[in-house]
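What follows is a set of notes on a single structure, which appears directly below.
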Amino acid sequence: MPCNRLAGNGKLKPPFYPGSTKQIERADHLVGLLPANQLGWQPPIPNAWPPGALLRHILECLAGFCAVLYAVEPYRLRHLAGLRHLPVNHPCGKEEARERMAAYRAHIHQGFELDT
């Protein structure tokens, strides 16, 4: 049986929700600043990730966030199952990454706006 509440206020809205959406917006802003031809550039420091690897990681994390929401409310958030066909952790350009981030952000918002 799925858990019907992540917060005691009648919505699936835990205290970290506002901060998480703000972080997604900030990440999108930073992605917008990246030069499209520099996604493979690697900073000259040990174990640094190139921007393209960070984009893949961000998308994978957001997909995981949506998967958790789906697990909590599989019936009411059944539309999230459609995200499963999207590739995660694959090389993509910054525009694709920004589009996917916006889609994940919208789905996360919808999930947290459900009345329980």
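The values are calculated or read from the model by the stated rules, or taken from the named source; none is laboratory data. Please read all numbers here as calculations on a predicted model, not as lab measurements. Quick reminder, even Gly has a Cβ in these numbers, built from the backbone with ideal geometry, and neighbours come from all protein chains shown.
Quick test for you: out of Val72, Val68, pick the one residue that is more than 16 Å from the chain's Cα centre (by Cα), more than 15 Å from Glu99 (Cβ to Cβ) and among the aliphatic types (A, V, I, L, M).
Going through Val72, Val68 in turn, the sole match is Val72.
Within segment 83-116, being within 9 Å of the chain's Cα centre (by Cα) and of a type in the set (Ser, Thr, Tyr) holds for one residue alone: Tyr104. Scanning segment 26-84 for residues that are acidic (Asp, Glu) and at pLDDT below 90 yields a single hit, Glu73. Suppose we filter segment 30-62 for residues that are of a type outside the set (A, V, I, L, M) and assigned to a loop (DSSP other than H, G, I, E, B); how many remain? Of the residues in that region, 10 qualify. If you go through segment 56-76 one residue at a time, do you hit one that is surrounded by fewer than 12 Cβ atoms within 10 Å (Cβ to Cβ) and of a type in the set (Ser, Thr, Tyr)? Checked segment 56-76: at least one residue is surrounded by fewer than 12 Cβ atoms within 10 Å (Cβ to Cβ) and of a type in the set (Ser, Thr, Tyr). Among the residues of segment 88-108, those that are in a helix (DSSP H, G or I) and of a type in the set (Gly, Ala, Ser) comprise Ala97, Ala102, Ala103, Ala106.
Gly40 meets all of the listed conditions (1) in contact (Cβ under 8 Å) with a residue 12 or more places away in the chain; (2) surrounded by 12 or more Cβ atoms within 10 Å (Cβ to Cβ) but one, namely (2).
Kindly provide the set of residues from segment 76-99 that are in contact (Cβ under 8 Å) with a residue 24 or more places away in the chain and over 22 Å from Ala36 (Cα atoms), ordered by number. Passing the criteria: Arg76, Leu77, His79, Leu80, Leu83.
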